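Presented below is the structure to which this report refers.
Every read-out reported here was derived from the displayed coordinates using simple, explicitly stated rules and does not represent laboratory data. It should be emphasised that the depicted structure is a prediction, and the values quoted were computed from it without experimental measurement. Using ideal geometry, Cβ is built from the backbone for each residue, glycine included, and neighbour counts are taken over all protein chains shown.
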Amino acid sequence: MKIEAITLREIHMPLVHFFETSFGRTYSRRILLVSVLSEGINGWGECVAGEDPFYSDEWIETAWPTIKGYLAPAILGRNLFSATDCITLFSPVRGHRMAKAALENALWETEAKQKKQPLWKLLGGTQPEIACGVSIGIQDTVEQLLEMVERELAAGYRRIKVKVKPGWDTNVLGRIRSRWPEILLSCDANSAYTLDNIEHLRKFDDFKLLMMEQPLWNDDIHNHARLQREIKTAICLDESIRHSRDAAAAIEAKACRIINIKVGRVGGFSEAKKVHDVCQSYKIPVWCGGMLESGIGRAHNIALSTLENFRLPGDVSASKRYWKEDIIEPEVTVAPQGLIKVSDRPGTGYEVREDLIERLTVRKEVLRTGMAQA
Ligand code: OSB
Ligand code: MG
């Protein structure tokens, strides 16, 4: 797999409905896409770094120069045997996992296309259908939220997750539970609480939640273990899990009973597979998290979700929940049973709409051997 060129693009895509978490509200995405050209084949990757350094310390303005100055030069002109070979070449760069993942995942897509294999099979997936849930942001009123829950349940989604923060939590969960006593329900705090809130967090046990995601600090494992000892609800870690060693440490410390895998957060498919395998060896179920991806990242999330230990519905839902028009063809659709059927075509099984991407592009840079410098 000779790496001939790498193209970086920033595209702008307005969300059909704003998305609010405990750290803020997003109306429109600035998405960094990378494409790798190798022997006549183009593989795409999406960088899930946000518009701001709020979910993690990476954001679009750190990812772009990191890829341009360090990661792309490490692979340009080289002949890689497989996508995973980039791990060693990227290893002098500390952190910047979302930037690394964008490029590594583009290499996996390229490799799958070159081998004429479905990406999900190349990754080792075994599940031809994946179960889908939705993540619903904080709304202006509880009534608006209930309407959204009703709509998503009618569409067939198998798990409802709502974002919570102090002032928008037990009141909201109580309303949902009294209307839908039996649904799979979870919540995600994105680090909105501290251990001082332990008595309050204990009240969440009343709502029979499937899990409570990342209640405490984004970089913490130890205090989540203290909290997990005090509450019945299963804790699921998202932000705190940067790689498979974190997953093992969190599980051994009993800081969580479930882990959310986001391929961007852990640095790419190779590490995501390792996190998956570690969790499986400890019998800890995983599910695939989302980062408001365009079709490119969404297709990669679908491929990852086919691995055996993805045993809970993920935040992988239909394109139309996010975008008026997605940049892949066909769009991601979800069957009324809340399932996505995974394609057996080579690569992701979705075509990238390069004409539409061109129209949405606000910044573009083509990197070739010998021209990219830190
Ligand atoms: O914590 O899972 C999260 C979106 C942006 C940043 C963090 C998170 C999320 C989501 C969205 O929950 C999931 C989706 O893509 O629908
Ligand atoms: Mg989360």
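Within the shell defined by Cβ-Cβ distances under 13 Å, the residues around residue 138 carry a net charge of 0, with Lys and Arg each +1 and Asp and Glu each -1. Computed from backbone phi with θ = phi - 60° and the Karplus coefficients 6.51, -1.76 and 1.60, the 3J(HN,Hα) list for region 85-96 is 4, 5, 4, 5, 5, 7, 5, x, 8, 7, x, 6 Hz; x is used for glycine and proline. With the highest mean first, a sort of the peptides 346-354, 141-149, 102-110 on other beta-carbon atoms found within 10 angstrom per residue produces 102-110, 346-354, 141-149. When the pairs 165/274; 208/273; 163/203; 208/341; 161/232; 161/262 are compared against a 20 Å limit on Cα-Cα distance, 165/274; 208/273; 208/341 fall above it.
Given the C-alpha centroids of region 1-74 and region 286-363, what is the distance between them in whole angstrom? Cα centres, region 1-74 to region 286-363: 16 Å. Ordering 21-33, 293-305 by mean Cβ neighbour count within 10 Å, with the highest value first, yields 293-305, 21-33.
Taking the Cα centre of region 121-349 as origin and assigning +1 to Lys and Arg Cβ atoms and -1 to Asp and Glu Cβ atoms, the resulting dipole is close to 480 debye.
Once C-alpha pairs closer than 8 Å and six or more residues apart are averaged by separation and normalised to the residue number of the chain, the relative contact order reads 23 percent. The Rg/Rh ratio of the chain, with both radii computed over alpha carbons and Rh defined as the Kirkwood radius, is 0.96.
Rounded to the nearest 500, the 222 nm mean residue ellipticity of the chain from helices alone is -8500 deg cm²/dmol, with -39,500 (n - 2.57) taken per DSSP H run of at least 4 residues.
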